[in-house]
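For reference, the structure discussed in these notes is given below.
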Amino acid sequence: MAALGPFGAAPRVAVGVSGGADSMALTLLAASWARERGGDCLGLIADHGLRPESADEASLTGRRLAALGIGYRILRLQLGPGPALQARARDARHASLAAAARGAGIVHLLLGHHAGDQDELRAMRAARGPRGLAGMAGFAARDDIVILRPLLGTDPAVLREFLSGRGIGWVEDPSNADARFERVRVRATRRQAALVPPSLDADRRAAAERDVAETLARDVSLRPEGWAIVRAASLPVEALAVLFRVLGGAAYPPARAALERLTPALRPATLGGVRIMAAGRHGPGWLLVREAAACAPPVAAVRGAVWDGRFRVRDVPPGARTIGALGDSAAEIGRRSGLPAALRRTLPAFFGGDGVLSVPHLAGGPASAVVFAPQGPAAAAPFEPVPCG
C-alpha cells in the first residue's frame, strides 16, 4: 500500500467486494492496514442481480465482513438484457463503487485484481500492440476518486491460502467457468501469457508511475483554479502527459511526439488545449493554463454537472442557469485576484439571466460550489491541489 500512496493520517479506504476470494482477502488486508494507522475500511458489495442467488450471496458476504468487524454497504445494480453483458456490468459496478465511496467521503477505492487477472488481460490484448500489453495500472484517477489495485503482483492461490488459513469463506462465481466469456477462454489457454514481454509487468509500470508522481510532487504546484506552476526548466514526457491531460480536461494526453517537442526545455507553446507561459511575477519557471478558445461551451448549472472535463458542480447558487468560462468578463472581474489574466478567462462562472452571477474561485464567490476534478482513465499523479497565494 505504501507504494500506492501518499495516504494521510488515519486513512479511510473503500474496497469493492464481489464476495470472491480475491476481494475478500483484499478487504481483510486493507482493514488491518487501515486500523493499524488509526483509520478504517468500508466494504462495498456490488450485487449485479444477474443470477437469482446473487442477493443471498451479497447478504452472506456482508455477514462475513460484519463478523470481521468491517463495515459494509450492499449496492444493488439494475442491468437489462442485451449484448456485452460483462462489459456493461463492469462499467455499472465501477460507477456504483465510485459513487458509494464518494458518498462516504472516501477518496481511495481498492479493487482486487491480481496477477492472474493481469495476465488474462494482457493475453486478450496481445493482438493490439505493445501499448495494450501494459495491462492494468496499480494507480488510476477517475474524477475525484483514486483507484488502487494493490494485488497486481500477487498470485491468486496465495490469496485463497490466506483466507483458508484464517477460516474465512468466500463465494464462487459460476461465471468464472462460463466459456461464453472471453476471459474464461483465455484462462483456459494461459500459455498465451508467455508471449507477453516481461518488461511491461505490473512492477515496472508501478515504478514508472511512482517516478512520475515524485517528479510532479517535487516540481509542480497544481492549483484549485485548474492551472499549474512548474518550478523546473523541463519535465519528462511522462509527467507532461499527466499535466496536459489534467489541465486540458481530456481523457488522454496529446501524442507523445508532440510532447517530446517540449523537451529538453519547456518553452511558450499551446498544445492539447493548454498554454505554456513564462511564470513572470509568479517566480521562476512556467505556468500551464487552459487555452481560453478550447474551453467547452456552457452547460446547465445542476449539481453533479461536469464542465470542460475539469470542474464538477457541487452546489448551485440561486438564479444560476449555466456554468461556463468567465471569458471576456475577466477584463473587469477578478483583476485584483493575483491570477494571470489568461487564466481568469478560463475560470468557471455561473451565469444567470443578466450575465455573470458569480465566480466560485474569485473573492466573493461560493468557494465550495465548484471543484477541480479532472476526468480521464489515464493514471494521474498523487499530488493534491493547493490553494493559491
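Here are a few things to note about the model shown:
- Only one of the listed residues (L75, L42, L79) is outside any helix (DSSP H, G or I) and within 19 Å of the chain's Cα centre (by Cα). That residue is L42.
- Taking the conditions (1) touching a helix residue (DSSP H, G or I) at 6+ places or on another chain (Cβ under 8 Å); (2) surrounded by 17 or more Cβ atoms within 10 Å (Cβ to Cβ) in turn, G62 satisfies each one other than (1).
- Subset of segment 59-86 (residues that are under 15 Å from G49 (Cα atoms) and among the small types (G, A, S)): S59, G80, G82
- Residue, farthest from G249 (Cα to Cα), within segment 102-152, restricted to residues that are at pLDDT 65 or above, over 20 Å from the mean Cα position of the chain (by Cα) and surrounded by fewer than 21 Cβ atoms within 10 Å (Cβ to Cβ): G116
- Output for segment 321-342, where each listed residue is buried (at least 17 other Cβ atoms within 10 Å of the Cβ), touching a Leu at 6+ places or on another chain (Cβ under 9 Å) and modelled with pLDDT under 95: A330, I333, G334, S337, L339, P340
- Tallying residues that are among the hydrophobic types (A, V, I, L, M, F, W, C) and part of a loop (DSSP other than H, G, I, E, B) within segment 313-345 yields 5.
- The residue that is nearest to I168 (Cα to Cα), among those in segment 40-90 that are without any contact (Cβ under 8 Å) to a residue 24 or more places away in the chain and of a type in the set (A, V, I, L, M), is A67.
- Those residues of segment 266-280 which are in contact with a strand residue (DSSP E or B) (Cβ under 9 Å, 6 or more places away or on another chain) and either assigned to a strand (DSSP E or B) or among the hydrophobic types (A, V, I, L, M, F, W, C) (or both), in sequence order: L266, A269, T270, V274, R275, I276, M277, A278, A279
- Test: residue in segment 255-275 that is closer than 21 Å to L339 by Cα, surrounded by 13 or more Cβ atoms within 10 Å (Cβ to Cβ) and either charged (D, E, K, R) or assigned by TED's automatic domain parsing to the domain that holds L339 (or both): yes
- Contact map, segment 142-166: first residue under 17 Å from S96 (Cβ atoms), second residue among the polar types (S, T, N, Q), Cβ cut-off under 9 Å, separation 6 or more or different chains; pairs are R142/Q375; D143/Q375.
- Residues of segment 281-299 classified as touching a residue at least 60 places away in the same chain (Cβ under 8 Å) and either in a loop (DSSP other than H, G, I, E, B) or surrounded by fewer than 19 Cβ atoms within 10 Å (Cβ to Cβ) (or both), total: 0
The values are calculated or read from the model by the stated rules, or taken from the named source; none is laboratory data. Here the structure is a predicted model, which is why all the values come from computation and not from measurement. Note that we place each Cβ from the backbone using ideal geometry, even for glycine, and neighbour counts take in every protein chain shown.
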